[in-house]
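Values quoted throughout were computed directly from the atomic coordinates according to the rules given, and no laboratory measurement underlies them. Given the structure is predicted, the values throughout are model-derived calculations rather than measurements. Don't worry about glycine lacking a Cβ; one is built from the backbone with ideal geometry, like all the others, and counts go over all protein chains shown.
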Amino acid sequence: MEVFAQYLDDLEDLCYAFALKWERIRRTIRFALFIASSISMQALGVFLALSNPPIAVAIAALLLVGLLYRGAVFQEPQRTLTA
C-alpha cells in the first residue's frame with residue numbers, strides 16, 4: 001500500500017510540475033502574440049497612411065478620443081503597500 005501512495009504522490013508532483021511549466025509557456029506565447037500583433041498593426045497603419053491619409057488621421061483621432069475617455073472614466077485600482 002505504501003508503494004501505491006508513493007506512486008500517487010509522484011504522479012501528483014508530475015502534474016503540478018507540468019502546470020508550472022505550462023504557465024511559463026503560456027506567458028511566453030501571449031507575449032509573442034502581443035509583439036506580433038503590435039508590429040503588424042503599426043505596419044498596417046503606415047501602409048494606410050501612405051495610401052489614404054485622411055482615413056489614417058480619422059482612425060488616429062478615434063483612438064485618441066478612446067484613450068482620453070478611458071483615462072477620464074476608469075479609475076486605477078488602489079494598491080496596498082505591504083511592509
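So, Ala43, is that one surrounded by fewer than 10 Cβ atoms within 10 Å (Cβ to Cβ) and not acidic (Asp, Glu) or not?
Details: surrounded by fewer than 10 Cβ atoms within 10 Å (Cβ to Cβ): no; not acidic (Asp, Glu): yes.
Against the criterion (surrounded by fewer than 10 Cβ atoms within 10 Å (Cβ to Cβ) and not acidic (Asp, Glu)), Ala43 does not qualify.
Looking for something loosely packed, with under 10 Cβ neighbours inside 10 Å, in a helix (DSSP H, G or I), without any contact (Cβ under 8 Å) to a residue 60 or more places away in the chain and more than 23 Å from the chain's Cα centre (by Cα) - is there at least one such residue anywhere in segment 19-36?
No, segment 19-36 has no match at all.
Answer with yes or no whether Arg79 is loosely packed, with under 10 Cβ neighbours inside 10 Å and part of a loop (DSSP other than H, G, I, E, B). Outline the logic, then answer.
Details: loosely packed, with under 10 Cβ neighbours inside 10 Å: yes; part of a loop (DSSP other than H, G, I, E, B): yes.
Yes, satisfied.
Scan segment 44-62 for residues that are polar (S, T, N, Q) and part of a helix (DSSP H, G or I) and report the count.
Start the filter on segment 44-62 by keeping residues that are polar (S, T, N, Q), which leaves 51-52.
Filter again for part of a helix (DSSP H, G or I), leaving 51.
Residues that pass the stated criteria total 1.
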